[in-house]
Amino acid sequence: MPHPLRIAVLASGRGSNLAALLAARERGELAAEFVLVASDKSNAGALQLAADAGVRTLVLDPKAYPDRRAFDLDLFGKLAASGAELIVLAGFMRILDGEAIAPWAGRMLNIHPSLLPKYRGLHTHRRALEAGDLEHGASVHFVTAELDGGPVVAQAILPVAPGDDEHRLAQRLLPLEHRLLPAVVALIAAGRLAWRDGGPWFDGAPLPAPLRLGPHGLLNA
Ligand code: GAR
């Protein structure tokens, strides 16, 4: 048996995506060991969730560093020291320094609440509604130095409903995020999804298009 994948999670907020990852492990659907949950916010709900699950936590205050690069170099150094093999950004609301994350190419995932490449950055639900989109969704992608710009590996698609406002759309999307992220991480833990030759590979071949979340899990598009 290969060892469980050692994962570190970065989160700035309430941590519902972290909770989904922890729950997937509890159900036996994710062969992972959570080695560290780190945050830039001492009051992040994710920290309490981690502590309750017996996972080591770390808080670094960006204000204690001269600049972004110094913060990121320290953070990613500590992540390396944790023994993490994969970093998962689960609501980590910071722009990352390219030099600091370079050693993690192909070993860091982010979940973003839009159908990338649409709506990088903030206020994704509002922007989808303002554009009159009929579909919205969430994406999981490998992280590169470009904000929300790395290769997308999987998406969950949600039809926009009459009467959706920003809050309701976000609320309806969240349960899909909670299925999408653990499913992608489970594929990595199982060795089916990997980074090779500068891009994502799935089941031994370059991934031609993002996987899609269906009723029973991830599917080829
Ligand atoms: C999630 O909706 C996630 O997709 C989003 O933040 C939320 C975190 O919720 N991430 C981003 O916007 C990253 N650009 P959570 O703390 O409950 O997991």
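Does Arg179 satisfy being open to solvent by 80 Å² or more (accessible area, probe 1.4 Å), closer than 15 Å to Ala24 by Cβ and touching a residue at least 12 places away in the same chain (Cβ under 8 Å)?
Yes, satisfied.
How many residues are within 16 Å of Arg107 (Cβ to Cβ) and away from the ligand (no atom under 16 Å from the Cβ) if we restrict to segment 3-49?
8
Look at segment 141-174 and say how many of its residues are in contact (Cβ under 8 Å) with a residue 12 or more places away in the chain and in contact with a Gly (Cβ under 9 Å, 6 or more places away or on another chain).
Within segment 141-174, residues that are in contact (Cβ under 8 Å) with a residue 12 or more places away in the chain and in contact with a Gly (Cβ under 9 Å, 6 or more places away or on another chain) number 14.
Looking at (1) more than 15 Å from the ligand (Cβ to nearest atom); (2) out of contact with any Pro (no Cβ under 7 Å at 6 or more places or on another chain), which is the one condition that is false for Pro117?
Of the numbered conditions (1) more than 15 Å from the ligand (Cβ to nearest atom); (2) out of contact with any Pro (no Cβ under 7 Å at 6 or more places or on another chain), the odd one out for Pro117 is (1).
Identify, by number, the condition in (1) farther than 27 Å from His3 by Cβ; (2) open to solvent by less than 40 Å² (accessible area, probe 1.4 Å); (3) of a type outside the set (A, V, I, L, M, F, W, C) that Gly199 doesn't meet.
The single condition Gly199 does not satisfy is (1).
Filter segment 73-96 down to the residues that are within 16 Å of the ligand (Cβ to nearest atom) and not hydrophobic (A, V, I, L, M, F, W, C), then identify the one that is nearest to the chain's Cα centre (by Cα).
Gly91
Which pairs do you get when a residue that is closer than 15 Å to Leu89 by Cβ, found in segment 12-37, comes within reach of a residue that is of a type in the set (Ser, Thr, Tyr), reach meaning Cβ atoms under 7 angstrom, with the pair 6+ apart or on two chains?
Cβ pairs passing all conditions: Ser12/Ser39; Leu36/Ser82; Val37/Thr57.
Taking the residues in segment 127-162 that are over 28 Å from Trp201 (Cα atoms) and open to solvent by less than 70 Å² (accessible area, probe 1.4 Å) as candidates, determine which candidate is farthest from the ligand (Cβ to nearest atom).
Here the residue is Gly132.
For Ala102, are the conditions met, namely being in contact (Cβ under 8 Å) with a residue 40 or more places away in the chain, part of a helix (DSSP H, G or I) and either open to solvent by 10 Å² or more (accessible area, probe 1.4 Å) or out of contact with any helix residue (DSSP H, G or I) (no Cβ under 6 Å at 6 or more places or on another chain) (or both)?
Values: in contact (Cβ under 8 Å) with a residue 40 or more places away in the chain: yes; part of a helix (DSSP H, G or I): yes; either open to solvent by 10 Å² or more (accessible area, probe 1.4 Å) or out of contact with any helix residue (DSSP H, G or I) (no Cβ under 6 Å at 6 or more places or on another chain) (or both): yes.
Yes, satisfied.
If Leu181 meets every condition in (1) more than 19 Å from Leu218 (Cβ to Cβ); (2) touching a strand residue (DSSP E or B) at 6+ places or on another chain (Cβ under 7 Å) apart from one, which number is that one?
Condition (1) is where Leu181 drops out.
The values are calculated or read from the model by the stated rules, or taken from the named source; none is laboratory data. The structure displayed is predicted, hence computed values, not measured ones. A quick note on method: Cβ atoms are made from the backbone with ideal geometry, for glycine too, and the neighbour counts reach across all protein chains shown. Please note that ligands, DNA and RNA were not included when accessible areas were found on the heavy atoms of the full protein model with its side chains. Shrake-Rupley method; radii C 1.70, N 1.55, O 1.52, S 1.80 Å.
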